[in-house]
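Engineer: Attaching a single structure in structure tokens format; questions to follow.
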Amino acid sequence: MNIRQILLDVDKALERPSVIEIAGAIEKVEGVEGVSIIVTEVDMETVGMEITIEGENLIYDKLVNAIENSGAVVHSVDQVACGKRMITPVRRIR
């Protein structure tokens, strides 16, 4: 499967690793062309983040290993895009 984009819900400890360290670890994974990290929540001990990763033929397990080896934890996959081309998602109004 050609994973081209993936959005992950990730938490890290407040002090370490830094967001830059996490981005650097992800960027080293084969196939990664870009990484975007948005801090979504900060509390007394943890920082919640949305991490968007783009590239060609991304391997989920390698991405998770890079994130976890840097000291953060993946909670969920919130979005994934696969295939020969990118598709712009259409949101339904409910």
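Engineer: Under the rule of -39500 (n - 2.57) per DSSP H run of 4 or more residues, summed and divided by the residues of the chain, what mean residue ellipticity at 222 nm is obtained, to the nearest 500 deg cm²/dmol?
Structural biologist: -6000 deg cm²/dmol
Engineer: Let me ask something additional. Rg (Å, one decimal) plus Dmax (Å, integer) for the alpha carbons of the chain?
Structural biologist: Gyration radius and largest Cα-Cα distance of the chain: 13.6, 43 Å.
Engineer: Between helix 60-70 and the chain, what is the angle of the helix's C-alpha long axis to the longest principal axis, kept within 0 to 90° and rounded to the nearest 10?
Structural biologist: Rounded to the nearest ten degrees, it is 20.
Engineer: Residue farthest toward the positive end of the dipole of the chain, with Cβ of Lys/Arg at +1 and Asp/Glu at -1: which of M1, S76, S18?
Structural biologist: About the Cα centre, the residue reaching furthest to the positive side is M1.
Engineer: What residues of the range 37-51 lie in the reach of a label at L14, counting those whose backbone N is under 12 Å from a point 7 Å from the Cα along Cα→Cβ?
Structural biologist: Answer for the range 37-51: 42-47.
Engineer: Would you mind calculating the gained length between N57 and T88 on full extension (0.36 nm times residue separation, minus the Cα-Cα distance), in nm to one decimal?
Structural biologist: 9.3 nm
Engineer: For V77 and D43, compute 0.36 nm times the residue count separating them, minus their Cα-Cα distance, and round to one decimal in nm.
Structural biologist: Value of the extension gain: 10.1 nm.
Engineer: Would you please put 7-14, 44-51 in order of how densely packed they are, using the mean number of other Cβ atoms within 10 angstrom per residue and starting with the highest?
Structural biologist: In decreasing order of mean packing, 7-14, 44-51 become 7-14, 44-51.
Laboratory data are not the source of any read-out in this text; all were calculated from the coordinates shown. All values reported here derive from a predicted model rather than from experimental measurement. Don't worry about glycine lacking a Cβ; one is built from the backbone with ideal geometry, like all the others, and counts go over all protein chains shown.
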